[in-house]
Amino acid sequence: MSLNTQVGKVKLRTPLLLASGYITETPEFFLKAQPYGCAGMVTRSLKQHVPAERTRVPAPRYAVFDQGSMLNCEWGNEKPWTYWKEYGVNQIKSTGCPIIISVSGRDLDGCCNLIRSFDELGVNAYEINISCSHSGVLHGNLNIDTVHLQHVLETVRQVTETPIWIKLSYSNFLLQMATEAESLGADAIVCTNSIGPGMLIDTKTAKPKLGIKGGGGGVTGKAIFPIALWCVHQLSQTLKIPVVGCGGIFMADEVIQMLMAGASAVQLYTAPALKGPRVFKRILSDLEKFLETHPQYTSVRELIGLTLDKTNGHRFSSPPPVVDEKKCTGCGICIDACAFDAISLVRRPGRAALAVIADNCISCNACIGVCPPKFDAIKASF
Ligand SMILES: Cc1cc2nc3c(=O)[nH]c(=O)nc-3n(C[C@H](O)[C@H](O)[C@H](O)COP(=O)(O)O)c2cc1C
C-alpha cells in the first residue's frame with residue numbers, strides 16, 4: 001500500500017501538503033506537521049517589497065464560522081522574504097521534504113528577483129499567487145486577468161527552469177486562465193485560493209466581523225469544499241499538467257474525493273490552522289484504512305482521476321436510499337427533511353421506532369445528509 005504521489009517533478013511521500021498562509025510565514029508549523037505525514041509545504045506568498053500600508057493587518061483578521069469555515073483579511077508579510085532565503089528554506093530542506101516558494105505575482109519585477117534569488121538554494125517549485133480573493137478586489141482581480149497571466153509566465157519562464165505552479169481561485173474564467181497558463185509553460189495548477197470576498201456581521205454591534213475597510217474577506221475551509229472539488233474536476237478534465245486540489249479538506253474522505261476528481265496531491269490550510277498539526281496524522285490514518293478496506297486499490301495514485309469518466313451524462317434513475325434497521329434510532333430528523341412526505345416512523349416492539357421509506361420516494365437523498373453522523377443510518381444506493 002503506497003501513499004506516494006508526485007506533482008510533475010516534485011515527489012511527495014503522501015498526497016498532503018501544507019498550503020500557503022500565515023502558518024507558513026515561518027517553518028515552525030510545518031516542522032510540527034511533518035512527523036505526522038505532511039509531505040511538504042508552501043511558504044506564505046512572499047513579496048520583494050511590502051508596501052508600508054501593508055505592514056499592519058486590520059484586526060480582527062479572522063472570523064471562524066460553522067465549526068470549520070473562516071473569513072480572513074490577511075495581507076503583506078510580517079517577516080521579510082530574506083528570512084526564508086537565509087534561514088527558512090534550509091530548515092525545511094533538512095527534513096528531506098519539498099519546499100515550494102509562494103511568490104506574489106502582482107509585482108512582476110519583484111517576483112522575478114525573488115525567483116532568481118531562491119533558485120540559488122535549489123527549491124522544489126514556485127507557486128505564483130495571483131488569486132487572493134479579498135486583495136483581488138483591491139488590486140485589479142488578477143485571478144481573471146489573462147493579459148497579466150501572460151506577462152507573468154512569459155517573464156518568469158525565462159528566469160527559471162524550476163517548476164512553476166500557478167495558484168488560481170474559482171471564477172467564471174478558471175478554465176480560460178488555466179488553459180492559458182498551461183500553454184505558456186506552467187507545470188501545475190493549484191486551485192483554489194480563498195473564494196469571495198465574503199462578509200459576516202456581529203449583530204450585537206452591527207460591525208463587520210473583520211477589521212478590513214469594506215468588511216470583506218476570503219472564504220476558506222469547509223464552506224468551499226464542493227466548489228474547490230468542482231474546480232479540480234473541471235481542470236483535470238481539460239488540462240494535461242497536474243492539478244493540486246485545495247479548499248476545505250478536513251478528512252480523508254475529502255482527500256479521496258479530490259484525488260478521484262483528478263488532483264495529483266492536495267493542500268490544506270484551514271484544517272491545520274484550526275485543528276493543529278495532528279490533523280495530518282488523522283487524515284493519513286483514515287486514508288490508509290480506506291486503502292486497506294478497498295483492496296482493489298494498492299496506492300493513492302490509483303485513485304487519481306477515477307471520477308473523470310463518470311460525469312458524462314445525467315443519471316435519471318437511482319434506487320431509493322436504504323435505512324439500516326440496526327442503526328436507526330427513530331429520531332425522526334429525516335422526516336422533517338423529506339419534502340415529498342415519503343418517510344414515516346413505524347413502531348418496533350421493545351425497540352426504537354424505525355424510519356421507513358415509501359414508494360413515493362424520488363431518491364433526492366436529502367435524508368442521507370441530515371441523518372446524524374453518529375447514527376449514519378441511511379445509505380445511498382447508487
Ligand atoms: C489566514 C489565511 C492566509 C492565507 N494566505 C495565503 C497566502 O499568503 N498565499 C496564498 O496563496 N494563499 C493564502 N491563503 C489561502 C490558502 O493557501 C488556501 O488556498 C485556502 O485557505 C483554501 O484552503 P483551505 O480551505 O484548506 O484553507 C490563506 C488562507 C488563510 C485562511
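The values are calculated or read from the model by the stated rules, or taken from the named source; none is laboratory data. The model shown is predicted, which means the values in this text are computed figures rather than measured ones. So basically every Cβ, Gly included, is an ideal-geometry build from the backbone, and we count neighbours across all protein chains shown. Note: accessible area is taken over every heavy atom of the protein model, side chains too, but ligands, DNA and RNA are not part of it. Shrake-Rupley method; radii C 1.70, N 1.55, O 1.52, S 1.80 Å.
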- Message: Can you tell me which residue is farthest from the chain's Cα centre (by Cα) among those in the range 43-58 that are of a type in the set (Val, Ile, Thr) and within 11 Å of the ligand (Cβ to nearest atom)?
- Response: Val57
- Mind listing whichever residues of the range 69-118 are of a type in the set (S, T, N, Q) and touching a Cys at 6+ places or on another chain (Cβ under 9 Å)? Ser104
- Given the structure, is Thr192 open to solvent by less than 10 Å² (accessible area, probe 1.4 Å), within 10 Å of the ligand (Cβ to nearest atom) and not aliphatic (A, V, I, L, M)? yes
- Query: Does at least one position in the range 59-76 carry a residue that is within 14 Å of the ligand (Cβ to nearest atom), open to solvent by 60 Å² or more (accessible area, probe 1.4 Å), within 19 Å of the chain's Cα centre (by Cα) and acidic (Asp, Glu)?
  - Reply: yes
- Which one is least open to solvent (accessible area, probe 1.4 Å) among residues in the range 96-138 that are among the charged types (D, E, K, R) and either free of Cβ contacts under 8 Å to residues at least 12 places away in the same chain or within 11 Å of the ligand (Cβ to nearest atom) (or both)? Glu127
- Message: Can you confirm whether Ile201 is open to solvent by 10 Å² or more (accessible area, probe 1.4 Å), within 15 Å of the chain's Cα centre (by Cα) and of a type in the set (Val, Ile, Thr)?
- Response: no
- Item | Subset of the range 338-351 (residues that are out of contact with any strand residue (DSSP E or B) (no Cβ under 9 Å at 6 or more places or on another chain) and either under 18 Å from Phe375 (Cβ atoms) or part of a strand (DSSP E or B) (or both)) | Arg351
- Note on the structure: The residue from Glu325, Glu292 that alone is surrounded by 12 or more Cβ atoms within 10 Å (Cβ to Cβ) and either over 30 Å from Thr220 (Cβ atoms) or free of Cβ contacts under 8 Å to residues at least 12 places away in the same chain (or both) is Glu325
